[in-house]
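Please read the structure below before turning to the comments.
The values are calculated or read from the model by the stated rules, or taken from the named source; none is laboratory data. The structure displayed is predicted, hence computed values, not measured ones. Using ideal geometry, Cβ is built from the backbone for each residue, glycine included, and neighbour counts are taken over all protein chains shown.
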Amino acid sequence: MTRSDGPHSSRPSRWGRLCALLFVSALLNTTGSNADPVADFYKGKQIQMIVGHSPGGGYDIYARLLARYLSPYVPGNPTIVVQNMTGAASLISANYVYGKAPKDGTVIGMIDRGLPLMAILGTNPNVRFDPAKFTWLGSASSFADDAFLLIARKDAAVKTVEDARRSGGPKLIVGVTADGATDKDVAVLFRDVLGFNLKIIAGYRGGNEISLALDRGEVDARLTALSGTNASRPAWFLPDSPMHVLVQFARTTRHPRFPDVPTARELAREVPALEDVAAAYARVRWGGERLSASEARKLLRRLDGRLDPVAPDARP
């Protein structure tokens, strides 16, 4: 995304609904008619792709997969180098890109999808960026074939959705990263809106650390995207796995892989009140438009058409 004080673009993102937020902090002078000044600028250079979560997690997997295939679609074919900058559910990396990173097109970042909403709501005084002054380039997934899952250990005291929602029943211990992150916000939504008995343990550096804690039995469950978990922990979805999926979120219908697992909307106890809350939250988290800053429009016109083919190339 790009720093700018200019107006927003209302044109929808070319990469569809947001899963992992991909942005660039850049401003290139593309004036002139000789050849391609953007290609001239990038030739022989490196682009840093800064990931706000720890190695081995879903965002890190998205970034490293994308980095393999992005270069041919950027004029000048620069080398893409992934760098992890963890902390506060990627808030540190977002603040860095906004305030300190070079704004010459050589820094791309991937942050938690929940941070723009947290910045807009103004609930965290440590936010040092204005999401309206970034240019959002796209997403690593359309989320059309994805789902956000509540995955739990089979040996946890909570075995079913009914157990989780039973008054006075045992608490499901859920590991999350930090305020503003999607896993923390969805956990709160499950607890406060859908009536789940959850004990939320925050402070993990990233998804990989939570997965390790879940493997070791330090927590009972975690909230995570199917796509990233399928890459990092495919064994969790095997029939003899010690894990199982309790609920799927961010979907209007059940995912084909989980026909017997209810969606969060199905669990809404008051219609339409709770269902509207879940639907509105999903639109904010997984829907969205690119915020195109005026000072980056020339750069984006050159990059947009060349970024689209990356997604099919990078598909595992």
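So that you can scan it fast, the table gives a plain yes or no per residue for (1) more than 16 Å from GLY138 (Cβ to Cβ); (2) touching a Leu at 6+ places or on another chain (Cβ under 7 Å); (3) not in a loop (DSSP other than H, G, I, E, B):
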position	(1), (2), (3)
ASP40	yes, no, yes
ILE47	no, no, yes
ASP60	yes, no, yes
TYR69	no, no, yes
ILE92	yes, no, yes
TYR96	yes, no, yes
LYS103	yes, yes, no
> (1) at pLDDT 85 or above; (2) closer than 21 Å to ALA178 by Cβ: which one isn't true of THR106, the others all being true?
Replying inline: (2)
> Taking ARG233 and the conditions (1) closer than 30 Å to LEU66 by Cα; (2) basic (Lys, Arg); (3) at pLDDT 95 or above, which numbered condition does it fall short on, given that it satisfies the others?
Replying inline: (3)
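To keep it simple, each residue is scored yes or no on (1) crowded, with 22+ Cβ neighbours inside 10 Å; (2) outside the structural domain of SER90 (by TED's automatic domain parsing); (3) hydroxyl-bearing (Ser, Thr, Tyr).
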{"site": "ALA181", "(1), (2), (3)": "yes, yes, no"}
{"site": "VAL193", "(1), (2), (3)": "no, yes, no"}
{"site": "TYR204", "(1), (2), (3)": "yes, yes, yes"}
{"site": "HIS244", "(1), (2), (3)": "no, yes, no"}
>> Checking the condition at pLDDT 50 or above, more than 17 Å from the chain's Cα centre (by Cα) and among the β-branched types (Val, Ile, Thr), which residue from ILE61, ILE47 passes?
In response: ILE47
>> Are there helices (runs of 4 or more DSSP H) fully within segment 175-240 with at least 3 residues that are touching a strand residue (DSSP E or B) at 6+ places or on another chain (Cβ under 7 Å)? List them.
In response: 182-192, 207-216
> Does GLY195 satisfy the condition of being under 22 Å from TYR62 (Cβ atoms) and in contact with a helix residue (DSSP H, G or I) (Cβ under 6 Å, 6 or more places away or on another chain)?
Replying inline: no
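If you scan segment 146-174, which residues turn out to be in a loop (DSSP other than H, G, I, E, B) and touching a residue at least 12 places away in the same chain (Cβ under 8 Å)?
The initial filter retains those residues of segment 146-174 that are in a loop (DSSP other than H, G, I, E, B), namely 146-147, 154-160, 166-171.
ASP146, ALA147, LYS154, ASP155, ALA156, ALA157, VAL158, THR160, ARG166, GLY169, PRO170, LYS171 - these are the residues of segment 146-174 that are in a loop (DSSP other than H, G, I, E, B) and touching a residue at least 12 places away in the same chain (Cβ under 8 Å).
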